[in-house]
Every structure is written in structure tokens, then in C-alpha cells.
Amino acid sequence: MTGTPDAALPPGTREHLTSPVTQAALRIQNSITAGTREYLGMNGFVELQPPLIGPVTDPGCRGAKQVDVDYYGHKYKMMTSVILYKQASLLAFDKIFYVAPNVRLEPLETSTTGRHLVEFTQIDVEVARASREEVLDIAQGLLRHVVAHTLRESKVDLATLGRDQEAFTALLEEDFERMTHREAVSRLQGLRHGQSADAEIDWQGERIISEQTNRPFFIVDYPKGSRGFTDGESSTEPGVLRNFDLIASDGFGELCSGGERTHEYRRLIERMRETGENPAKYAWYLDLAREGLPPSAGFGMGLERVTRYIAGLDAIWQANAYPKLPGIATP
């Protein structure tokens, strides 16, 4: 990693767009999206166009606020995540993906982490009747394919940015480690970071644990209460969620979150109430669930975060043509 978490803020639009760093990063991002479509297409996925607004959106967004829009007199939301629509789309196809824009009003304190944007894009993947372990394999395979594709197609741009291709040797040759949330908490506490055993791994903790490895790794089995109602609970370990995060190496932090989904109507009602959500808000989604949604698993992988990691950028705004940081007014 070439910079610090407190990376500089974006320059003006002209300076940003004419920067050789921006141009190299965006060409690398183009290789990433091409490699994504190639890998998922070869593996039987259908790409759909994502919704931008809806009556509700995913509530489980780490303290970020949602954006309301007036939709012909109705209050709609801009998508913070298309998770509800991914589940619904499995009524048409068994394996789907989106390259989906999202908007989240992140807390102000995240403006200087180097890894948060208000507008960002996710590679959203969902598979009917899949287990978490199956989508872990898909996420690993996708990232490996994208890295190999980009190393091959973007040699000049990676060289321009000073990114050493040897940084990806372990990623390409070794399986990603899978550690439980409990193991991650123990490691962080051993590194004198005060990580709560009942909460998500915090931003600083992700960076610290990420600095300890030379290849990406998964954290699985987050505790119930740390994530939203869509994350499925284990049938054999009450209180443990069948979910995961994919963490990049070398201090770059989280790239991807996912897991098995809550899909049964009664269980969805229970999980909504447990997480403080009003089921009445989710009427269209619950109507689908009442009639039957397939069990599924999937993930959302941040396009700008993957770009930052592969390109070795100091900050995530360098991977976006018109970056918007929390609390900072920009075009």
C-alpha cells in the first residue's frame, strides 16, 4: 500500500480528470469490469440492469443514511444495495449479477479513511440454492480471474502507478484463508486493538488485520445483531450468521460482503423485528417471500475498492471519475 489512511482530498474536476494517475486507474477499472463480465458469463450468470430507486432498500449499511426521493408523491429510496432485488431476480434466473451504482450518506468521520465514497459501484452476484461455501469459491475465483485479466491487459497502466505485479503472486497461487469472526477478534485483540466480540470488525481493525497477510482472506460467521435481516442465521449454531467479508491484503481492507440469505416469509418477519425494522415498509418484498423466494447466497464486491487494491492507490476517490466524499460538496 503506497499511502496512508488519511489520504489527501480530491483536487478540482479538471485536475483530477487530466491526472495520469486518474486515467491509469480508470483504464485499470475498465479491465476489471471486462474481466468480471468474462468470468461470470463463462460461469452461466445473466447480467441484469439494476434498479436505482425503490420503496425500500437494504438497511444494513454500517451507520450510513439513506437518500429519499419524491416518486410521484411517494417517498422512495435511492439504492444503498440491491440485495432485495437480487433475491427477487432469482424468480427469473438461477444465477444473476448486476454492476450496480449505490448511494450511501456515510458518516462524516469516514471522509478521510481513504476507502469510503458516497456514490460507488458494486459487482452484485446472487445464486439460487447456493451455500455460503459455494459463493466463497465464486468470490475467490472472480477476484483471481479479474486480477489475472488486469495484469495481462493493463501492464502499462500498472507500471505507470508503480504497482508491482509480484504483490499478487500469493493471491493467484494460494487459496484464501477462511477465519471466523471470533478468530479475527482474537487476532486483533492480540495486536492490542480493542475490537468488540459482538460487532462487525471496525474500519481500523480491518486495516490492521489486512496488513498481516500477503493475500486476501475471508472472515466468516459474524454474530447475530452485527448485520441486517437479510443475512441468514445458522440452523446449527444459533446466534451465528452464515455470512462473510472478503478482506484484501496489505492494509487495503474489505473488498466484498455476502453470505446466505434469509428468504422464508416468517423468518424474514422475525429477523426484521429483531433488527428494529418495520415489516410494513417491505410489503412488496414480503409479498414475494410469502409466495416463495428460492434460498440463495451471494455477495457485493466494491468496484472502486477492487480498483484501488489492484492499482495500489492511496485513496478510493482516485478510482472514481467524479468522487463524492462524505460531507464534501463536489460535482
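Observations on the structure shown:
- Residue selected from segment 280-305 under the condition within 16 Å of Gly253 (Cα to Cα), in a helix (DSSP H, G or I) and out of contact with any helix residue (DSSP H, G or I) (no Cβ under 6 Å at 6 or more places or on another chain), by the criterion least open to solvent (accessible area, probe 1.4 Å): Leu303
- Counted residues, segment 175-206 - those being open to solvent by 80 Å² or more (accessible area, probe 1.4 Å), out of contact with any helix residue (DSSP H, G or I) (no Cβ under 7 Å at 6 or more places or on another chain) and in a helix (DSSP H, G or I): 4
- The selection criterion, being open to solvent by less than 50 Å² (accessible area, probe 1.4 Å) and in contact (Cβ under 8 Å) with a residue 60 or more places away in the chain, holds for His149.
- Within segment 219-242, the residues that satisfy the criterion of being under 20 Å from the mean Cα position of the chain (by Cα) and among the polar types (S, T, N, Q) are Ser226, Thr230.
- Test result for Leu172, in a helix (DSSP H, G or I), of a type in the set (A, V, I, L, M) and either modelled with pLDDT under 95 or open to solvent by less than 20 Å² (accessible area, probe 1.4 Å) (or both): no
- Scanning segment 208-248 for residues that are aliphatic (A, V, I, L, M) and in contact with a strand residue (DSSP E or B) (Cβ under 9 Å, 6 or more places away or on another chain) yields Ile209, Ile219, Val220, Val240, Leu241, Leu246, Ile247, Ala248.
- Residue in segment 263-275 that is open to solvent by less than 10 Å² (accessible area, probe 1.4 Å), closer than 12 Å to Gln87 by Cβ and in contact (Cβ under 8 Å) with a residue 60 or more places away in the chain present: no
- Test: residue in segment 92-108 that is in a helix (DSSP H, G or I), closer than 25 Å to Asp202 by Cβ and at pLDDT below 95: yes
- Arg104 open to solvent by less than 30 Å² (accessible area, probe 1.4 Å) and either farther than 28 Å from Asp314 by Cα or in contact (Cβ under 8 Å) with a residue 12 or more places away in the chain (or both): no
- Among residues of segment 109-133 that are among the basic types (Lys, Arg), those with a beta-carbon under 7 Å from a residue that is open to solvent by 30 Å² or more (accessible area, probe 1.4 Å) at least six positions away or on a different chain give the pairs Arg115/Arg305; Arg129/Pro295; Arg132/Arg242; Arg132/Glu260.
- Restricting Tyr72, Tyr76 to residues that are on the phi < 0 side of the Ramachandran plot, open to solvent by 40 Å² or more (accessible area, probe 1.4 Å) and aromatic (Phe, Trp, Tyr) narrows the list to Tyr76.
- Those residues of segment 55-76 which are closer than 11 Å to Val103 by Cβ, of a type in the set (A, V, I, L, M, F, W, C) and part of a loop (DSSP other than H, G, I, E, B), in sequence order: Cys61, Ala64, Val67
- Taking the criterion of being surrounded by 21 or more Cβ atoms within 10 Å (Cβ to Cβ) and part of a strand (DSSP E or B), the residues of segment 122-139 that qualify are Gln122, Ile123, Asp124, Val125, Glu126, Val127.
- Unmet criterion (only one of (1) open to solvent by less than 70 Å² (accessible area, probe 1.4 Å); (2) touching a residue at least 40 places away in the same chain (Cβ under 8 Å); (3) under 24 Å from Gly259 (Cα atoms); (4) part of a helix (DSSP H, G or I)) for Ser31: (3)
- Test: residue in segment 77-84 that is closer than 20 Å to Leu303 by Cα, in contact with a Cys (Cβ under 6 Å, 6 or more places away or on another chain) and assigned to a loop (DSSP other than H, G, I, E, B): yes
The values are calculated or read from the model by the stated rules, or taken from the named source; none is laboratory data. Here the structure is a predicted model, which means the values were calculated and not measured. Counting neighbours? That spans all protein chains shown, and the Cβs are built from the backbone with ideal geometry, glycine included. Each accessible area value is taken on the protein alone, full model and side chains, heavy atoms only, with ligands, DNA and RNA left out. Shrake-Rupley method; radii C 1.70, N 1.55, O 1.52, S 1.80 Å.
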